[in-house]
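Please read the structure below before turning to the comments.
The values are calculated or read from the model by the stated rules, or taken from the named source; none is laboratory data. Keep in mind that what you see is a predicted model, and the values were worked out from it rather than measured. Reconstructed Cβ throughout: ideal geometry from the backbone, glycine too, with neighbour counts over all protein chains shown. Accessible surface is based on the protein model in full, side chains and every heavy atom, while ligands, DNA and RNA are left aside. Shrake-Rupley method; radii C 1.70, N 1.55, O 1.52, S 1.80 Å.
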Amino acid sequence: MKTDELISLLTKAVPPRPIMPFSMLGILVMTASLVLTISALGLRPEFAVGILPYSFYFKTAFFVVCALITLVALRYAARPVVTPLWPQRAFLVLLAGLFIAVLYELSQSSLETLHETFMLNRVEVCLLSVTVYGALGAMVFGFYLRRFAPADPARAAGWMGLAAAVCGALGYSVHCQSDSALFILLAYGGPCLMITLMSRLFGERFLRW
Amino acid sequence: MKNSDLEAELKGLVMQTRSGNQQSYELLLARLTPFLRKAAGAQLSRFGRAQDAEDVVQESLIAIHLKLHTYDASQPFLAWIRAVTTHKMIDFLRRARIRATVSLDDENSFFEPADPTNPEAAIIARDLDILLKTLKPPAGDVVYALKVEGASVADVAKKFSLSESNVKVIVHRALEKLSRMVASKPEVTA
């Protein structure tokens with residue numbers, strides 16, 4: 001086909017545009033995980049009383065800020081030009097804050113208390129739920145991201161996995177009764193890290209354009 | 001036509017295209033085609049594949065059609081076009097199983113000053129600026145002064161209050177880091 005013929009063909013319609021912004025997709029994934037969590041596991045008991053501890057709000061705020069940063073990073077990573085580094089740095093600052101909270105908690109709590117935190121709050125349910133939500137969310141994000149043109153598909157796939165996992169974790173957190181920083185780091189952070197690495201490893205080829 | 005005029009014209013056509021104007025879109029693609037053809041021809045001739053330039057042009061046009069929504073209107077449009085074309089070029093070379101490398105021996109060619117009469121000068125300068133900002137200060141400024149502005153090691157050392165040996169070490173490490181960044185694309189390291 002000659003290039004002029006191709007131009008005539010392409011200009012028969014204006015270029016396609018994506019249906020929704022990444023933030024909306026994040027909200028959808030979070031809502032889906034929230035609905036699944038409430039249906040299968042229910043809300044944490046404090047919701048029935050209407051009095052939630054401050055730690056729950058801190059945990060929720062942490063996940064909301066994480067989700068916002070990762071979705072912004074994903075939006076930049078989905079473009080073919082060089083991306084700014086501030087979302088990556090902001091995320092690292094947030095992680096550093098979490099590590100400081102963990103160190104403080106370790107200095108204040110006994111081993112017994114920490115053990116109870118993990119045993120009483122069914123850490124295996126948390127690990128499984130966040131992993132499943134993250135994996136499903138990453139697939140949804142992945143199919144949507146194929147409409148875009150990431151400069152570095154591997155990097156975009158990594159952000160895609162992390163954003164999906166964090167949005168899924170946010171939905172699950174309404175059931176989880178533990179607001180401990182160490183619990184967040186291990187029980188939520190572990191699956192999020194795994195989904196991120198898997199997405200980066202296997203998502204790169206899927207996102208090539 | 002000056003680079004800034006071309007940028008303004010193309011950006012205007014993109015905005016009209018986004019409003020649904022098909023004629024502007026046709027004009028945009030027609031104005032871009034010679035630009036793409038020249039860039040593809042120049043790059044592919046380095047690998048002895050100049051005859052495949054038209055294929056790369058057509059793939060770039062299809063990519064522009066499908067991915068135009070990823071262009072951020074606050075950024076230069078020509079930089080976006082260059083990124084898309086480069087990506088398609090790398091794809092083509094990967095499919096043709098061509099490995100391309102650049103010699104690190106000739107460090108001076110790594111940062112060849114942009115030709116002001118070259119329409120891509122603004123884009124090259126912008127990309128260079130972004131690359132140098134990834135270096136820990138004052139490495140970016142030292143490299144720019146030494147390699148782009150052509151200052152002597154002694155002048156740079158005096159300007160940044162460093163010893164001459166320190167300047168050489170900083171430049172060497174910076175160029176190594178930048179080379180690793182550039183080489184991070186799997187098949188093409190040019």
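When shorter helices are ignored and each DSSP H run of at least 4 residues is given -39500 (n - 2.57), the per-residue value for the protein assembly as shown at 222 nm works out to -22000 deg cm²/dmol. In the context of the full protein assembly, A:E116 retains an accessible surface of approximately 90 Å², using a probe radius of 1.4 Å and ignoring ligands and nucleic acids. In this structure A:T113 has an accessible area near 70 Å², from a 1.4 Å probe over the protein heavy atoms. Averaged over the residues of B:20-33, the number of partner chain Cβ atoms lying within 10 Å of the residue Cβ comes to 3. The listed peptides A:40-46, A:54-60, ordered by packing as a protection proxy, come out as A:54-60, A:40-46 (highest mean of other Cβ atoms within 10 Å first). Put simply, the C-alpha atoms of segment A:1-147 give a gyration tensor, and the ellipsoid matching it has half-axes of 42, 20, 13 Å, longest first. In the protein assembly as shown, the alpha-carbon atoms span a convex hull of 183 Å³ per residue.
Three principal axis extents describe the C-alpha atoms of segment A:145-209; from largest down they are 43, 18, 14 Å.
Could you state the angle between the C-alpha long axis of helix A:111-120 and the longest principal axis of the C-alpha atoms of chain A, as a value from 0 to 90 degrees rounded to the nearest 10? Once rounded, the angle reads 60 degrees. Between A:M24, A:M160, A:M194, the residue with the greatest mean-square fluctuation in the GNM of chain A (Cα pairs under 10 Å linked by springs) is A:M24. Straightening the chain between A:E46 and A:F202 buys 52.2 nm, computed as 0.36 nm per residue apart minus the Cα-Cα spacing. Roughly how many whole Å is it from the C-alpha centroid of segment B:30-96 to that of segment A:44-108? Using only Cα atoms to place each centre, the spacing works out to 39 Å.
Could you tell me the accessible area of B:S4 in Å² (1.4 Å probe, neighbours in place), rounded to the nearest ten? The accessible area of B:S4 comes to roughly 80 Å². Legend: Rg and Dmax of segment A:110-191, from Cα coordinates, 15.1, 50 Å.
Here segment A:1-83 is treated as a Stokes sphere of Kirkwood radius computed over C-alpha pairs; at 37 °C and 0.692 mPa s its diffusion coefficient rounds to 193 µm²/s. Here segment B:1-102 is treated as a Stokes sphere of Kirkwood radius computed over C-alpha pairs; at 25 °C and 0.890 mPa s its diffusion coefficient rounds to 172 µm²/s. Taking amide H atoms as placed 1.01 Å from N in the peptide plane, the amide H of A:R79 lies under 5 Å from those of A:A151, each 5 or more residues away in sequence or on another chain. Translational diffusion of segment B:59-100, estimated by Stokes-Einstein from the Kirkwood radius over alpha carbon pairs at 20 °C in a medium of 1.002 mPa s, is 194 µm² per second.
For the options A:A135, A:A149, A:A77, a Gaussian network treatment of chain A with springs between C-alpha atoms closer than 10 Å singles out A:A149 as fluctuating the most.
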